[in-house]
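Here is the structure we will look at, set down as structure tokens.
The values are calculated or read from the model by the stated rules, or taken from the named source; none is laboratory data. Only a predicted model underlies this, so the values are computations on that prediction, with no experimental measurement involved. Cβ coordinates were reconstructed from backbone atoms using ideal geometry, including for glycine residues, and neighbour counts include every protein chain displayed.
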Amino acid sequence: MWKLTEAAVEDAERISALYAESWRTAYRGLIAQHYLDRLPDTYWVQPLRAWLTDGRMNGLMLEDEEGRVMGAIIYGRSRDEGLADWGEIVALYLLPSCARRGGGTRLLRAALDGLRQDGFADIFLWSIEGNRPAEKFYLKHGFRPTEDEIEYQIGGENVRDRRWVMEHNSSAR
């Protein structure tokens, strides 16, 4: 089965390649296909290195028996100054062949435990609107969508992210 390991700066290339492979499948129909087709495996190497070097973010990986990265999550203190006392799940991706096999749940639970140990009672993440499998997954794990959204362009097409929250108390933000 898979083992859970802490991500280090040296893992940035492996995690970036995993993210790119996941994007090519998960975002088909949500992001311009020409963009996904040309998405380089190294796209996230620099941000991953920065996040894992400065200590603001933590990373966890699921590795198979041969050390291949099957899934990864990046999490830590919120990057949103308006929610400075919140924890944030920055990215959670699995290889398409690993979907619906418990790896995402395992990564998310470990990250949530880590955020709580770091003192974060309230946690949020962003998800591309229309990604039904992700939305179903986040609802199942206690997140709820908010009205907060960001719209931007990828590959010349508009994309909208929605903020999802898991709050310690029930007050809405």
Review point. Which residue pairs have Cβ atoms under 6 Å apart, sit 6 or more places apart or on different chains, and have a first residue in the range 135-147 that is within 19 Å of residue 91 (Cβ to Cβ) and part of a helix (DSSP H, G or I) and a second that is at pLDDT 95 or above and hydrophobic (A, V, I, L, M, F, W, C)?
Key: 138/164
Exercise for review: Considering only the range 60-71, state which residues are in contact with a helix residue (DSSP H, G or I) (Cβ under 8 Å, 6 or more places away or on another chain) and touching a residue at least 60 places away in the same chain (Cβ under 8 Å).
Suggested key: 62, 70, 71
Review point. Of the numbered conditions (1) within 21 Å of residue 22 (Cβ to Cβ); (2) part of a loop (DSSP other than H, G, I, E, B), residue 104 satisfies every one except a single condition; which is it?
Key: (2)
Exercise for review: Being aromatic (Phe, Trp, Tyr) and over 16 Å from residue 88 (Cβ atoms) is the filter here, so list the residues in the range 119-134 that pass it.
Suggested key: none
**Study point:** Residue match in the range 76-96 (condition: crowded, with 17+ Cβ neighbours inside 10 Å, of a type in the set (S, T, N, Q), under 16 Å from the mean Cα position of the chain (by Cα) and under 25 Å from residue 10 (Cα atoms))
**Key:** yes
Practice item. Could you list all residues from the range 63-101 that are within 15 Å of residue 21 (Cα to Cα) and either among the β-branched types (Val, Ile, Thr) or touching a Leu at 6+ places or on another chain (Cβ under 7 Å) (or both)? Key: 69, 70, 71, 72, 73, 92, 93, 95
Exercise for review: Check the range 41-59 and report whether any residue there is crowded, with 18+ Cβ neighbours inside 10 Å, touching a helix residue (DSSP H, G or I) at 6+ places or on another chain (Cβ under 8 Å) and closer than 27 Å to residue 147 by Cβ.
Suggested key: yes
Check your understanding: Going through the range 111-130 one residue at a time, which ones are touching a residue at least 60 places away in the same chain (Cβ under 8 Å) and under 13 Å from the mean Cα position of the chain (by Cα)?
Key -> 128
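Considering only the range 1-101, give the strands (runs of 3 or more DSSP E) lying wholly within it that have at least 2 residues that are among the acidic types (Asp, Glu) and under 24 Å from residue 165 (Cβ atoms).
Ranges flagged: none.
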Revision key, fill the gap. Among the residues of the range 105-141, the number that are surrounded by 13 or more Cβ atoms within 10 Å (Cβ to Cβ) and of a type in the set (Asp, Glu) is 3
Exercise for review: Have a look at 78, 97, 127 and point out the one that is under 19 Å from residue 31 (Cβ atoms) and out of contact with any His (no Cβ under 6 Å at 6 or more places or on another chain).
Suggested key: 127
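Results for (1) under 15 Å from the mean Cα position of the chain (by Cα); (2) exposed (fewer than 15 other Cβ atoms within 10 Å of the Cβ); (3) within 17 Å of residue 60 (Cα to Cα); (4) not hydrophobic (A, V, I, L, M, F, W, C), shown as yes or no for each residue.
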| site | (1), (2), (3), (4) |
| --- | --- |
| 5 | no, no, yes, yes |
| 16 | yes, no, yes, yes |
| 23 | yes, no, no, no |
| 31 | no, no, no, no |
